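Bear in mind that the values in this text are calculations on the coordinates, not laboratory data. If you're wondering where the values come from, they're calculated on a predicted model, not measured in any experiment. Please note: Cβ atoms are built from the backbone with ideal geometry, for glycine as well, and neighbour counts cover all protein chains shown.
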Amino acid sequence: MRFMMLMIPKGYEKAKAGGMPDAKVVAEMMRYNKSLQQAGVLLALDGLHPPSMGARISFSGGEPLVTDGPFSEAKEVIGGYWMIQVRSKQEAIEWACRCPGSEEFVIEIRQVQEMADFPPDVQQAAAGFPELQLGRGPA
Amino acid sequence: MTRDPYRAIEAVWRIESAKLIAALARRVGDVGLAEDFAQEALLRALEQWPETGIPDNPGAWLMTTAKRRAIDHFRRHQRLERRHEQFARESELQQELAAADLEVAMDDDIGDDLLRLIFVACHPCLSMEAHVALTLRLLAGLTTEEIARGFLIPEATVAQRIVRAKRTLAAARVPFELPRRAEFASRLRSVLQVIYLIFNEGYTATTGDDWMRPALCEEALRLGRILAELVPEEPEVHGLVALMEIQASRLRARASPVGEPVLLLDQDRGVWDQLLIHRGLVALERARVLGRVPGQNLLQAEIAACHARAQTAAETDWNRILVLYDMLIEVAPSPVAKLNRAVALAMATGPAAGLESIDALVAEPSLRNYHLLPAVRGDLLRKLGRLEEARAEFERAASLTRNARERELLRTRAAECQKGIG
């Protein structure tokens with residue numbers, strides 16, 4: 001099964017564009033990423049620019065409404081993610097516990113939905129939308 | 001800390017067991033003993049962690065505990081004739097235990113130890129079945145029960161295979177070391193075969209099977225990815241990883257919602273897993289930049305990649321696939337590869353040429369009962385409008401396959417030909 005480990009940095013909702021993390025922190029994080037790779041569990045990872053460089057699109061009354069970041073109402077935002085492949089939620093938790101953590105961020109674990117998680121009618125509906133990356137099998 | 005200790009221990013074991021067994025095996029010189037000590041450490045964890053909580057570095061805790069068990073064992077079992085050797089091992093272990101920075105010492109050569117463990121599990125003195133069982137047990141951390149469920153065999157059979165394999169390794173005094181340069185390539189080839197066999201066992205699982213069967217694909221991929229980091233200079237390892245990633249990308253497209261097999265060219269490419277395809281192509285690139293003559297895994301992965309790159313079946317570059325099959329037959333000649341080449345030839349230049357090429361294979365003894373030969377022949381005959389012959393071939397293919405759903409599919413094709421004849 002796949003899990004996303006979502007990195008939620010404190011205060012990232014207000015971070016200015018172009019702010020860069022500390023080199024020492026990055027080096028430590030790279031060691032951790034390497035350990036995930038060497039264990040064969042890492043599928044993908046990315047870091048995200050702060051919301052001040054992004055935009056939100058809401059749909060009030062069905063019409064798209066674009067708001068540029070930062071978003072005053074957001075309490076916490078995602079700063080990056082790892083996609084890992086493990087055998088259980090506990091294994092995902094165990095990997096997250098090994099992250100060189102600090103007060104500066106929280107990691108949230110979320111399982112990726114697979115086709116088998118849904119009842120047949122939903123599976124059938126989803127089958128009409130191939131862009132939806134829902135897996136029926138493993139891997 | 002609100003981690004459920006029992007579940008956490010299971011997860012820690014999953015992550016640490018191979019490293020633990022590998023590091024211990026180098027020190028005690030016996031894979032079976034090493035696993036025993038690791039298991040004893042696990043039992044200790046099950047007793048203690050629920051009360052003390054999970055240690056900050058669970059891997060190091062398990063390692064220290066296992067080493068203490070090893071020292072106890074050597075003290076209890078000192079036999080006269082091997083006393084000297086065992087004394088040396090015991091004092092080495094004690095020095096390590098005394099070393100302040102155990103964790104660092106442990107991480108240093110863990111990669112080499114893991115690699116040694118893989119090679120020992122796939123040692124030529126053992127059967128293929130033993131290779132698979134030992135690899136899944138020692139490297140993937142699967143239980144005997146899980147292996148049995150994955151391979152649809154009784155648990156006692158798996159347990160026996162593992163016990164016997166360990167005994168054979170001990171009796172043959174197989175050293176815990178990497179193969180010598182002269183035999184490295186052939187030993188690596190058999191490791192890759194074991195991993196691919198595990199993958200295929202999962203890949204052939206059908207809807208309704210125990211989930212442990214398709215999970216074997218994930219286990220094989222994990223093993224392949226680990227190996228690719230251990231020997232990044234070996235193009236065939238990246239080739240196998242690429243092949244497995246790309247094949248796994250089609251897992252959800254290869255059966256219809258009711259479980260009927262869907263052939264590659266009929267699959268809905270929209271549900272192919274793009275993340276795995278991307279990973280497969282990256283692995284191919286890692287192999288390519290090493291600049292060596294491509295081996296069979298790499299060539300098979302290149303062929304798989306041709307399909308993965310084509311947005312629609314019609315866009316498939318059959319000429320390139322044909323060239324790749326020629327190269328594959330050169331390095332690893334096999335009747336099945338020749339059959340696949342004939343299909344590629346038919347797709348590239350037309351059914352008549354393909355048929356001619358297949359007819360040359362009909363006499364091949366190893367293909368005599370291979371259902372895909374008449375199935376492919378039937379397909380080409382149908383395209384040429386020779387429906388009566390096509391029908392007979394589909395019937396023959398249906399009588400040869402052991403897969404019930406596939407048989408149904410072939411019978412349907414035969415019936416379609418019959419209808420065409422009118």
Classify chain A as rounded, prolate or oblate, taking a ≥ b ≥ c as the square roots of the eigenvalues of its Cα gyration tensor: rounded when a/c is under 1.5, otherwise prolate if a/b is larger than b/c and oblate if not. oblate
May I ask for the net charge around B:Ser334, where only other residues with Cβ less than 11 Å from the Cβ of B:Ser334 are counted and Lys, Arg are +1 while Asp, Glu are -1? +1
Row for chain B, column shape: gyration tensor on C-alpha, a ≥ b ≥ c, rounded if a/c < 1.5 i.e. under 1.5, prolate if a/b over b/c, else oblate; value prolate
Going by average Cβ density within 10 Å per residue, which order do the peptides B:184-192, B:377-385, B:365-373 take, highest to lowest? B:377-385, B:184-192, B:365-373
Excluding B:Arg391 itself, what net charge comes from residues whose Cβ is under 13 Å from its Cβ, given Lys and Arg +1 and Asp and Glu -1? +1
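Around B:Gly239, what is the net charge, scoring Lys/Arg as +1 and Asp/Glu as -1 over all other residues with Cβ under 10 Å from its Cβ?
Numbers: positive: B:Arg286, B:Arg288; negative: B:Glu234, B:Glu236, B:Glu302.
Value of the local net charge: -1.
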Could you work out how far the C-alpha centroid of region B:175-204 sits from that of region B:397-422, in angstrom? 38 Å
To make sure I understand the rule: partners must be aspartates and glutamates, Cα under 15 Å from the Cα of B:Lys383, and not fewer than 8 residues away in the same chain. Which ones qualify? B:Glu356, B:Glu393, B:Glu416
In Å, what is the Rg of the alpha-carbon atoms in the protein assembly as shown, and how long is Dmax? 26.8, 87
Compactness of region B:206-274 - radius of gyration and Dmax, Cα, Å: 14.0, 43
Structure shown: which of A:Lys24/A:Lys75; B:Lys338/B:Lys419; A:Lys14/A:Lys34; A:Lys10/A:Lys75 lie over 20 Å apart, alpha-carbon to alpha-carbon? A:Lys24/A:Lys75; B:Lys338/B:Lys419; A:Lys14/A:Lys34
Is the C-alpha gyration tensor of region B:157-310 telling us rounded, prolate or oblate? Criteria: a/c under 1.5 is rounded; beyond that, a/b larger than b/c is prolate, otherwise oblate. oblate
To the nearest whole number, what is the average tally of beta carbon atoms from other chains within 10 Å of the beta carbons of peptide A:88-97? 5
Taking the C-alpha atoms of region B:366-422, how large are the radius of gyration and the largest Cα-Cα span, Dmax, in Å? 10.4, 35
222 nm [θ] for chain B, helices only, -39500 (n - 2.57) per DSSP H run of 4+, per residue, to 500? -23000 deg cm²/dmol
So which aspartates and glutamates pass the test for A:Lys16, namely a Cα distance under 14 Å, with those fewer than 8 places away in the same chain ruled out? A:Asp68
